Amino acid sequence: MKNILCIGAGYVGGPTMAMIARNCPDCRVTVVDINHERIRAWDSGSPPIYEPGLREVVAEALHRNLFFSTDIPAAIAAADIIFVSVNTPTKTFGEGAGMAADLQYWEKTARQILAASDRDKIVVEKSTVPVRTATAMERILNGNDKGVKFEVLSNPEFLAEGTAIADLQSPDRVLIGGKPTASGDRAVQELVEIYAQWVPRERILATNVWSSELSKLVSNAFLAQRISSINSISALAEVTDADVQEVSRAIGMDSRIGGRFLNASVGFGGSCFKKDVLNLVYLCQHYGLQEAAGYWRQVIEINEYQKRRFVRRMVHQMFNTVVGKRIAIFGFAFKADTGDTRESPAIDVCRQLLEERASIVISDPQALPNARQIFGEDLPGIEFAEDPAAAAAGAGAIALLTEWDAYRRLDYESIFASMEKPAFIFDGRNILDHRRLFEIGFNVFPIGKPALSHL
Ligand code: NAD
Ligand code: UGA
């Protein structure tokens, strides 16, 4: 039986390993973490993250061939293949602060692997890392005098939160980068055989290590760039009475462009888009490619502009002041079907509204614990409400910031009746029935579409 280990039991490590365990009954999969609370949660069958379908996949394999542990050295010693899925956040100090990836957790993990290994192993980069990280890893791992040899592979993860289980079960592609040597090829083949137990072989792509590392950054950068592109057009649509959704549909029907990832929004969030684009900018700068760096930096700048623009529009429409006004926030997670709030556009929107001295009530089906942690319980001007209707009662405006399906089906007539008039709704995701809301009496401000206002 092959022993697979994953170091890091987060949004990637947990679901990815549960999927491998489910599909590969001949492998024993162990996931370790320094965070004991997380491991306890996984091990009890109640994952520490919200992800549709995850609990069921974990339940199928838990304690059969899927195990969670905090004994990291023992797990390393027993493993044949070690996935490393620790966090690689943006560096907040020293050279490259605010842009480069902080690889301290990665490097610590490499040293832990080295210390606890007494036989050859395959080490797989699952975390998103800057291109050429594998060289540094190889140097740390293979500079040992124990006679142990490590083969480092790159196998970036492309799952999106909220759809992680479907993405893992049926990925567009699995990318595996390895060294062009006999032992490199053997290692790649070993990993291919694991994925091939449920992924069609034509979707498993083998490349060189550097292409694999770079493809992950570029993939996120292209996705983020599409959103910033359409968001920049939403600003233009608002002043020209064009409708950005009609524009998205029209351009998306060109098969060369494609229809996905063209939803204008209050801005993209999530733990990775900003971090990975900044990382790409940093790499371009590092290699002296200033024009390329400037091009990608603009993707981030448009995203910041979009969030500021959303708040400016709210303040402007609400008679140029929101001081003391109650504003209901519908959705705090960075996207629907997750409780994750990392880099959520809602954080910046709420902060900017607080700066304008509004009084905000945050509501979200999954993300309230994180929202409470971000702002604290007692910050003046903030309340939290489980029920969106309760959040809106007495408010002068609703800002919809996450595209939770439940928000489409609320009883907006009674919500309207409970609000201060004139009542505003700012739909930061364009998911509501704007015409109907207008007929109920709301002044409706979508993104990149003509406003429907009674004023
Ligand atoms: P996360 O913060 O949820 O999980 C990382 C885990 O690693 C944490 O639980 C942390 O305690 C643990 N850890 C850190 N150092 C450790 C050590 N030395 N030993 C053991 N455990 C350690 O992060 P995540 O969202 O799972 O992301 C992990 C990586 O995957 C990142 O590089 C990210 O860019 C990439 N990625 C994330 C997503 C996503 O949707 N979140 C998708 C694709 C790729
Ligand atoms: C993204 C990528 O889609 C994954 O392939 C990748 O593995 C992952 O980053 C990662 O590396 O972490 P994720 O951030 O989980 O996944 O979610 P997305 O669906 O990409 O959404 C990101 C943000 O863009 C969200 O805030 C979402 O609301 C926003 N978005 C998305 C838009 O504003 N418009 C769109 O058309 C699509």
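The values are calculated or read from the model by the stated rules, or taken from the named source; none is laboratory data. Source: prediction; values computed, not measured. Cβ atoms come from the backbone with ideal geometry, glycine included; neighbour counts cover every protein chain shown.
Tabulated results
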{"read-out": "Identity of the residue in region 312-343, within 16 Å of ligand 1 (Cβ to nearest atom) and among the hydrophobic types (A, V, I, L, M, F, W, C), that ends up nearest to Leu410 (Cα to Cα)", "value": "Ala336"}
{"read-out": "Pairs, first without any contact (Cβ under 8 Å) to a residue 60 or more places away in the chain in region 117-135, second of a type in the set (A, V, I, L, M, F, W, C) and part of a helix (DSSP H, G or I), C-beta under 8 Å, six or more apart", "value": "Ser117/Ile76; Ser117/Ala77; Asp118/Ala77; Lys121/Ile113; Val123/Ala110; Val123/Ile113; Val123/Met137; Val123/Leu141"}
{"read-out": "Any hit, region 324-338, residues being crowded, with 18+ Cβ neighbours inside 10 Å and acidic (Asp, Glu)", "value": "yes"}
{"read-out": "Subset tally (residues that are closer than 27 Å to Tyr287 by Cβ and either surrounded by fewer than 18 Cβ atoms within 10 Å (Cβ to Cβ) or touching a Cys at 6+ places or on another chain (Cβ under 7 Å) (or both)) for region 141-178", "value": "4"}
{"read-out": "All helices (runs of 4 or more DSSP H) inside region 1-115 with 2 or more residues being in contact with a strand residue (DSSP E or B) (Cβ under 9 Å, 6 or more places away or on another chain), within 11 Å of ligand 1 (Cβ to nearest atom) and within 30 Å of Ala166 (Cβ to Cβ)", "value": "13-23, 36-43"}
{"read-out": "Test: residue in region 285-297 that is buried (at least 18 other Cβ atoms within 10 Å of the Cβ) and within 16 Å of ligand 1 (Cβ to nearest atom)", "value": "no"}
{"read-out": "Long-range neighbours under 6 Å by Cβ, at least six apart or interchain, first residue over 16 Å from Met419 (Cβ atoms) within region 432-455, second part of a strand (DSSP E or B)", "value": "His434/Val444; His434/Pro446; His434/Leu452; Pro446/Asp427; Ala451/Phe445; Leu452/Val444"}
{"read-out": "Helices (runs of 4 or more DSSP H) fully within region 370-455 counting 3 or more residues that are within 23 Å of Arg312 (Cα to Cα) and of a type outside the set (Gly, Ala, Ser)", "value": "434-440"}
{"read-out": "Residue within region 246-262 that is buried (at least 19 other Cβ atoms within 10 Å of the Cβ), assigned to a helix (DSSP H, G or I) and either in contact with a Lys or Arg (Cβ under 8 Å, 6 or more places away or on another chain) or without any contact (Cβ under 8 Å) to a residue 12 or more places away in the chain (or both) present", "value": "no"}
{"read-out": "Residue in region 227-236 that is within 8 Å of ligand 2 (Cβ to nearest atom), surrounded by 22 or more Cβ atoms within 10 Å (Cβ to Cβ), modelled with pLDDT of 95 or more and farther than 22 Å from Asp427 by Cβ present", "value": "no"}
{"read-out": "Long-range neighbours under 6 Å by Cβ, at least six apart or interchain, first residue more than 12 Å from Gly448 (Cα to Cα) within region 221-234, second in a helix (DSSP H, G or I) and within 16 Å of ligand 1 (Cβ to nearest atom)", "value": "Ala221/Val277; Ala221/Leu280; Ala224/Phe273; Ala224/Val277"}
{"read-out": "Residues located in region 263-272, provided they are surrounded by fewer than 23 Cβ atoms within 10 Å (Cβ to Cβ) and under 25 Å from Ala237 (Cα atoms)", "value": "Asn263"}
{"read-out": "Among residues of region 116-153, those that are modelled with pLDDT of 95 or more and small (Gly, Ala, Ser), counted", "value": "2"}
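One line per residue, one yes/no per condition, for (1) within 24 Å of Ala264 (Cβ to Cβ); (2) touching a Cys at 6+ places or on another chain (Cβ under 7 Å); (3) polar (S, T, N, Q):
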{"position": "Ala385", "(1), (2), (3)": "no, no, no"}
{"position": "Gly394", "(1), (2), (3)": "no, no, no"}
{"position": "Asn430", "(1), (2), (3)": "yes, no, yes"}
{"position": "Ala451", "(1), (2), (3)": "yes, no, no"}
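Here's the yes/no breakdown for (1) within 16 Å of ligand 1 (Cβ to nearest atom); (2) of a type in the set (Asp, Glu); (3) touching a strand residue (DSSP E or B) at 6+ places or on another chain (Cβ under 9 Å):
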| position | (1), (2), (3) |
| --- | --- |
| Met137 | yes, no, yes |
| Gly147 | no, no, no |
| Leu168 | yes, no, no |
| Ala221 | yes, no, no |
| Ala224 | yes, no, no |
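Matching residues to (1) free of Cβ contacts under 8 Å to residues at least 40 places away in the same chain; (2) more than 21 Å from the chain's Cα centre (by Cα); (3) surrounded by fewer than 15 Cβ atoms within 10 Å (Cβ to Cβ):
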position	(1), (2), (3)
Arg186	yes, yes, yes
Leu191	no, yes, no
Ile194	no, yes, no
Leu214	no, no, no
